[in-house]
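Encoded as structure tokens, the structure appears first; notes follow it.
Read-outs throughout are calculated quantities, based only on the coordinates presented, and are distinct from any laboratory measurement. The shown structure was predicted, so the numbers you read here are calculated from the model rather than taken from an experiment. Every residue, glycine among them, receives a Cβ derived from its backbone with ideal geometry; neighbour counts consider all protein chains shown.
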């Protein structure tokens with residue numbers, strides 16, 4: 001019943017506590033006699049007639065006092081306790097190694113013991129070790145004095161490795177004081193790291209605030225100009241008198257009608273250009289929205305295809321017991337292969353960025369297999385698997401370090417306005433919003449103009465450092481990898 005089960009569980013817990021206490025806290029053997037002296041013994045005589053027997057204990061022998069139905073639970077708890085204890089020991093050793101590394105960097109290279117004899121805290125040589133000097137005064141009796149049963153040294157990772165810190169050896173401070181010093185060093189290092197992170201954060205927030213202020217100032221200036229022109233036009237139209245203006249001939253319409261017509265034509269052309277730019281921006285926004293919808297639709301189709309494949313696998317597994325007629329059709333497979341080659345899938349900006357990021361994270365380069373491509377047809381005669389392999393090989397060829405990217409010869413002849421407008425500009429806009437938190441149109445236009453002029457990556461970094469500070473180089477590195485990817489894909493005839 002439940003009562004007996006609870007009693008047995010409680011007995012098992014008590015027995016587990018006793019076993020753990022005996023394992024990790026064995027009883028201390030009394031080594032002193034009644035007078036407080038250390039009990040000495042002749043180990044040679046005592047061990048001569050003593051037979052030492054090692055009895056191997058299995059897990060069942062260790063848990064012999066535990067009820068059989070509870071041994072599995074107790075063994076699992078013991079294993080979990082040992083694992084947690086080992087984990088704590090590993091963490092403690094790791095912290096000590098970090099403290100040792102911080103202390104070593106702070107103190108610099110240690111002084112060689114062979115160069116000069118060590119000095120004590122009073123800057124007086126200690127003399128040779130192991131040689132007793134008659135009638136020499138003894139130092140203060142502290143922790144390592146003659147009243148102690150054994151001598152101690154300051155523990156730590158250095159002593160475990162067989163080396164001693166010079167300052168720990170030359171001082172007579174206690175272990176608590178040494179630990180306090182190490183904690184002070186660790187706290188100073190953490191404060192330094194925090195101050196550096198805070199400095200970067202302040203610079204980034206300052207750049208973001210400056211970008212916001214510039215954007216507000218530009219909007220305010222445009223609004224003021226618009227209101228001023230509107231008010232001027234309104235005042236001019238309200239007080240207009242045709243007869244008076246025709247007599248005065250101060251207006252260009254009455255003074256030089258041909259010049260007025262030319263000016264009006266230029267203004268009409270400029271207005272039409274602005275309208276066309278607005279329509280183009282609207283079409284670009286619609287195309288981006290359509291691309292997002294297609295991406296979402298593709299993800300949905302992929303999910304549905306996966307569900308359909310899983311259903312087919314389950315149906316095939318269910319019908320595997322019954323014999324089925326064997327059919328072989330090669331026409332459908334050939335048609336699917338031709339359709340996949342005829343309509344290669346275009347990659348989105350997010351897919352290209354993820355592909356380049358994946359290749360940048362990989363530390364080891366795989367052995368690349370050279371792909372033979374026809375210069376005239378490019379990737380038209382390649383299968384979908386070969387195209388995917390070629391695209392991944394291209395991503396691996398693009399360097400991720402600054403020196404390699406800056407030295408890469410960009411194929412500018414394969415970069416057209418569509419790549420800059422549809423591929424690179426949205427990427428730059430997204431990254432600037434991530435860095436500054438606001439859309440900085442001036443920076444986007446500066447980057448776009450730099451690409452159209454076929455400028456270098458180093459010059460672009462110098463141009464963006466004033467606004468982006470430390471993030472300028474990171475942005476240019478990612479942008480340059482995408483630029484190389486699109487131009488090389490266009491050169492090799494691969495779908496980008």
Revision key, fill the gap. If 442, 299 are placed from fewest to most neighbouring beta carbons inside 10 Å, the sequence is 299, 442
Point to revise | Cα centroid separation, segment 477-496 to segment 269-290 (Å) | key: 26
Study note, to complete from the structure: Per-residue Cβ contact counts at 10 Å, fewest first, order 435, 253 as 253, 435
Check your understanding: What is segment 232-274 by shape, rounded, prolate or oblate, if you read a ≥ b ≥ c off the alpha carbon gyration tensor as root eigenvalues and call it rounded for a/c under 1.5, prolate for a/b larger than b/c, and oblate otherwise?
Key -> oblate
Point to revise | Residues 450, 251, 257 arranged by fewest to most Cβ contacts within 10 Å | key: 257, 251, 450
Exercise for review: Please label the shape of segment 258-316 as rounded, prolate or oblate, based on the square roots a ≥ b ≥ c of the eigenvalues of the alpha-carbon gyration tensor (a/c under 1.5 means rounded; beyond that, a/b larger than b/c means prolate, else oblate).
Suggested key: prolate
